[in-house]
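Only one structure is covered here, and it is reproduced in the block below.
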Amino acid sequence: MNAHPQFAETLALYAMGALDNPQDLAALESHLGTCGDCRRELEALRADTALLALSVTGPQPPARSRDRLLSAVAAEPRMERRTSKPYAVGRLRPRWFTFAPVMVMLLLAVFSILLWRDLRNTRRALRHTQAQMEQIQTELARTNSELAEAKMVHDLLHASDAWPLTLVSKKTPPQPQMKMIYSRQKGSLFLLASNTPALPENKIYELWLLPADGSAPMAAGWFKPDGKGNGMIFHKLKSNGIEAKGFAVTVEPSGGSQTPTMPIVMEPAG
């Protein structure tokens, strides 16, 4: 034994079971717990001791000694063998498999947020498109109305009974002037005004049809001149075939009146 020669004698006695000194026994066992070389030396000594014991033939023991030993062994109480329960061996799973549900939930949350944003943008675009469609429909309706009005003006200008008139003022130039066409057959009239004086905010110019049968004047539309004194009236009467002996213009409150308010500011020329 080269590593720890101080334990050579006690190690040999320990291998044969003949080490009786408690201090030496405690020191050796403590040393064996930390020294691998001494443990291997101890195993070799035990193997040699066993071979030595097998190679020596001792005297035959008496038969009564054998019987006494068997009887003593039979008289010893037997301890029940405990059957240890088998350990449940679990199946190890990869560490990433533990976080898989969390990752799936995070992915679903991100997907839901993206889907919500796309839906919100789609709704905004849809509302914007709907507003544009409504604006287009409004403009189309206004265009159709203007086209219908333009057609009625065209028909009026080309009516066989169209009566052109010019209403003037007796003031000095630039003289206000209103040119108009009336069709009894179609029951409509068209008037264009120029150089008309500006009016107060709550006043308008109203046109009156003077029936040939001498009945009360009939309201035939009104206009508010612009900054240059221009204005326009296209008016459809409630009934066709009304014969007129003339027309006149008065200044009325905003919204028009049921009867003319004197004086007459515009009347047929000549």
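Filter region 27-44 for residues that are open to solvent by less than 60 Å² (accessible area, probe 1.4 Å) and part of a helix (DSSP H, G or I); which is farthest from His4 (Cα to Cα)?
For region 27-44, the residue satisfying everything is Ala44.
Which of the residues belonging to region 202-225 are under 13 Å from Val251 (Cβ atoms) and under 60 Å from the mean Cα position of the chain (by Cα)?
Asn202, Lys203, Ile204, Tyr205, Glu206, Leu207, Trp222, Phe223, Lys224, Pro225
Scan (1) under 56 Å from the mean Cα position of the chain (by Cα); (2) among the β-branched types (Val, Ile, Thr); (3) at pLDDT 90 or above for the single condition Ile181 breaks and write down its number.
(1)
Under 6 Å between Cβ atoms, which residue pairs at least 6 apart in sequence (or on different chains) link something in region 159-170 that is exposed (fewer than 13 other Cβ atoms within 10 Å of the Cβ) with a partner that is at pLDDT below 80 and not acidic (Asp, Glu)?
What qualifies is Thr166/Ala269.
The values are calculated or read from the model by the stated rules, or taken from the named source; none is laboratory data. Everything numeric here is computed off the predicted structure, so don't read it as measured data. With ideal geometry, Cβ positions are generated from the backbone for all residues, glycine too; neighbour counts draw on all protein chains shown. Heavy atoms of the whole protein, side chains included, go into the accessibility calculation; ligands, DNA and RNA do not. Shrake-Rupley method; radii C 1.70, N 1.55, O 1.52, S 1.80 Å.
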